[in-house]
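Peer 1: Pasting a structure below so you can have a look.
The values are calculated or read from the model by the stated rules, or taken from the named source; none is laboratory data. This one's a predicted model, so the numbers in the text were calculated from it and none came from an experiment. Backbone-built Cβ (ideal geometry, glycine too); neighbour counts: all protein chains shown. Ligands, DNA and RNA are excluded from the accessible area calculation, which covers all protein heavy atoms including side chains. Shrake-Rupley method; radii C 1.70, N 1.55, O 1.52, S 1.80 Å.
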Amino acid sequence: MYGTGAKSTAMTDPVKSLKSSRVPIDGIGVQDHLIIDEVPTTTQTNLEQFAALGVEAAITELDIRMTLPETAALREQQQRDYQTVIAACKAVTGCVGVTI
């Protein structure tokens, strides 16, 4: 989902519409295919927007790619990036999990 923006709005709007039409929707899953050291700073805000709609959110596919060759510094940055995304989910009551 890459944080807030057009893609996020393209998901929140249909959820709002479905809920206003009384369609039972319990949650949404988002995919995050990220690049090392380019993790969006708005991930938590995005997840909070879904929680505010009364649905659970989950990051159902998270990967953070790096350029090759792999180095210790890149692995350390990748670890920090995964920790950042997972911490964003953990900070939102309505975020129920992350799948890597």
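Peer 1: When the residues of region 70-90 are filtered to those that are in contact with a Ser or Thr (Cβ under 9 Å, 6 or more places away or on another chain) and not aliphatic (A, V, I, L, M), which remaining residue is least open to solvent (accessible area, probe 1.4 Å)?
Peer 2: Cys89
Peer 1: Next up: Going through region 37-50 one residue at a time, which ones are touching a residue at least 12 places away in the same chain (Cβ under 8 Å) and surrounded by fewer than 16 Cβ atoms within 10 Å (Cβ to Cβ)?
Peer 2: If the condition is that a residue be touching a residue at least 12 places away in the same chain (Cβ under 8 Å) and surrounded by fewer than 16 Cβ atoms within 10 Å (Cβ to Cβ), then Asp37, Thr41, Thr45 are the ones that fit.
Peer 1: Just a yes or no: is a residue in region 17-36 touching a Cys at 6+ places or on another chain (Cβ under 9 Å), crowded, with 16+ Cβ neighbours inside 10 Å and not small (Gly, Ala, Ser)?
Peer 2: Scanning region 17-36 turns up no residue that is touching a Cys at 6+ places or on another chain (Cβ under 9 Å), crowded, with 16+ Cβ neighbours inside 10 Å and not small (Gly, Ala, Ser).
Peer 1: Does Thr93 fit the bill of being assigned to a loop (DSSP other than H, G, I, E, B) and open to solvent by 70 Å² or more (accessible area, probe 1.4 Å)?
Peer 2: yes
Peer 1: Test of understanding: among Thr60, Thr9, Thr67, which residue is of a type in the set (S, T, N, Q), part of a strand (DSSP E or B) and open to solvent by 50 Å² or more (accessible area, probe 1.4 Å)?
Peer 2: Thr60
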